[in-house]
Amino acid sequence: MLELDAEALYGELRQGVKGLWRDGAALVGIWSGGAWLAERLQKDLGLPGGEQGHGVISSTLHRDDFGSRGLAAGTDPTRLPFDIDGRHILLIDDVLYTGRTIRAVVNELFDFGRPASVTLAVLVDRGGRELPVGAAFAAARLVLPAAQRLSLARADGGGFHFSVSPMSPMNEKA
Amino acid sequence: MLFRRNPQLNKHGELIHLLSIEGLPKAVLTQILDTAGTFLSVNDRDVKKVPLLRGKSVFNLFFENSTRTRTTFEIAAKRLSADVINLDIARSSTAKGESLLDTIANLSAMHADMFIVRHAESGAPYLIAQHVAPHVHVVNAGDGRHAHPTQGLLDMYTIRHFKKDFTQITVAIVGDIVHSRVARSDIHALTTLGVPEIRAVGPKTLVTGDLAAMGVRVCHSMEEGIRGADIIIMLRLQNERMSGAMLPSAGEFYKSYGLTPEKLALAKPDCIVMHPGPINRGVEIASEVADGSHSVILPQVTFGIAVRMAVMSTIAGNQA
């Protein structure tokens, strides 16, 4: 049984994001796990713009599996409380897998303007890439079988933990 | 072949055509309203277009004229990146005697992926939905007196936007209810979403007692009908009703049922006034009301695009 300490990995991600941070940057979390991480990073690192200064981005409108799976229900829409043009965007996600979500959110991002750069930091890179996408920082790198689904959960108190469940075609998301 | 289940839903209960609000579960309506919220924010982007229907062809089939509805469907389809083909059907093949199903078969051979249908005959969109290939989707843009489901949904979106909660409001629908597909769709939607009091307001010729069977309160007095209402939905007075001797005159109607500032004062102070358009100033609604602070008639038009985007993308993503 795989044991991943999400809180310990979050501590490493926080250090990693500190290292990647530059002037004029903004955090954008990928809905939903990445958005939770960005919200907490924004607060813990005391970043400019206050607690609501981070963005949330959704892959829904640019997913490549729309034709077979339809529109995802219950997704929060993209919310970017700052101008994208010329800004260094630090994308945050919980799990990096096939790279398809990243492709979709980069397209989504460019619908709002032209960022100066886009960098990706994740909690876990689980391998299995299907697109040429890489993370500048990953708190953990491991290879999981395709039959396993790894997702971040947030407790009421705000603490993080990972859950591993069997992958079904309907809940594949990475 | 007759459909054994609701022809709008696939075996998983997902929406594949939008033909009528009647019979759709609350969860389906709520999901469309939620999705519309996402699409409304697309207007705030540099690129006001999303690629969900890229490579798909949407055919606007308006057997009855309607510039506004056709235009908002066209804008919605284009914002979803679809190719839109507008057919001036009233002046083309139908006029030459082609049957409805032959028209559909020919357009299907042109690789149509979605039909947006407006027709004077109730049920025409159902007939089309029964005869298209499994990958083709149909949206009813108004059929006879039967239904106008996207108008119903955009009205629900508007109400939710301004009032948040359906379960605490009183809605008054005023005018020609009997002949109105908008009123019928609104009543079904309001009922499904849990509105406790729906009033149908108008003269006996246009608001008949049998409407009570739909669960609405029939009011022939305007004062009684709009007193304490949170929402007033005014319907267009269709001129053809006047010639049918259903009304003495437009002036008489305005005197009794036209929404004036004096009558509006009977409703709740934060009441909103809706109208599916086109409005007839001085016939069913006073200019001061149509242009006043209670009016949300223009936001309805804007919301209509987002709601139609939500409907088209929802059905296009579900398999028959």
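Here A:THR98, A:THR75 are screened, and the one residue that is within 15 Å of the chain's Cα centre (by Cα), assigned to a loop (DSSP other than H, G, I, E, B) and away from chain B (no Cβ under 12 Å) is A:THR98. Just need a number here: residues in the range B:167-198 that are surrounded by fewer than 23 Cβ atoms within 10 Å (Cβ to Cβ) and either farther than 19 Å from B:TYR157 by Cβ or not aliphatic (A, V, I, L, M) (or both). The number of residues fulfilling the criteria is 12.
Name the residue that is farthest from B:GLY317 (Cα to Cα), counting only residues in the range B:9-64 that are in a strand (DSSP E or B) and more than 10 Å from every other protein chain (Cβ to nearest Cβ). The qualifying residue farthest from B:GLY317 (Cα to Cα) is B:PHE62. Scanning the range B:119-141 for residues that are surrounded by 24 or more Cβ atoms within 10 Å (Cβ to Cβ) and of a type outside the set (A, V, I, L, M) yields B:PRO125, B:HIS137, B:ASN140.
Put simply, of B:SER57, B:SER81, B:SER41, B:SER66 the only residue that is among the polar types (S, T, N, Q) and either buried (at least 23 other Cβ atoms within 10 Å of the Cβ) or under 17 Å from the mean Cα position of the chain (by Cα) (or both) is B:SER66.
Take A:ARG103 and tell me if it is closer than 22 Å to A:VAL17 by Cα, among the basic types (Lys, Arg) and either in a strand (DSSP E or B) or within 14 Å of chain B (Cβ to nearest Cβ) (or both). The answer is yes for A:ARG103. Restricting B:MET309, B:MET242 to residues that are in a helix (DSSP H, G or I) and at pLDDT 95 or above narrows the list to B:MET309.
What residue, of A:LEU120, A:LEU150, A:LEU144, is part of a strand (DSSP E or B) and more than 26 Å from A:ALA26 (Cα to Cα)? Write out each step before concluding.
Values: A:LEU120 fails: more than 26 Å from A:ALA26 (Cα to Cα); A:LEU144 fails: part of a strand (DSSP E or B).
None of the others qualify; the one that does is A:LEU150.
Looking across the range A:9-32, the residues that are at pLDDT 95 or above and either among the hydroxyl-bearing types (Ser, Thr, Tyr) or assigned to a helix (DSSP H, G or I) (or both) come down to A:LEU9, A:TYR10, A:GLY11, A:GLU12, A:LEU13, A:ARG14, A:GLN15, A:GLY16, A:VAL17, A:LYS18, A:GLY19, A:LEU20. Screening A:PHE110 on (1) over 19 Å from A:GLY53 (Cβ atoms); (2) more than 9 Å from chain B (Cβ to nearest Cβ) shows it passes everything except condition (2).
One residue is enough: does the range B:170-181 have a residue meeting the conditions aliphatic (A, V, I, L, M) and assigned to a helix (DSSP H, G or I)? Looking for residues that are aliphatic (A, V, I, L, M) and assigned to a helix (DSSP H, G or I), one finds none in the range B:170-181, hence no. Consider the range A:13-67 and keep the residues that are of a type in the set (Lys, Arg) and closer than 18 Å to A:PRO81 by Cβ. The one that is surrounded by the most Cβ atoms within 10 Å (Cβ to Cβ) is A:ARG40.
The values are calculated or read from the model by the stated rules, or taken from the named source; none is laboratory data. As the structure is a prediction and not an experimental result, all values here were calculated from the model. Here the Cβ is made from the backbone with ideal geometry for all residues, glycine too, and neighbour counts use every protein chain on show.
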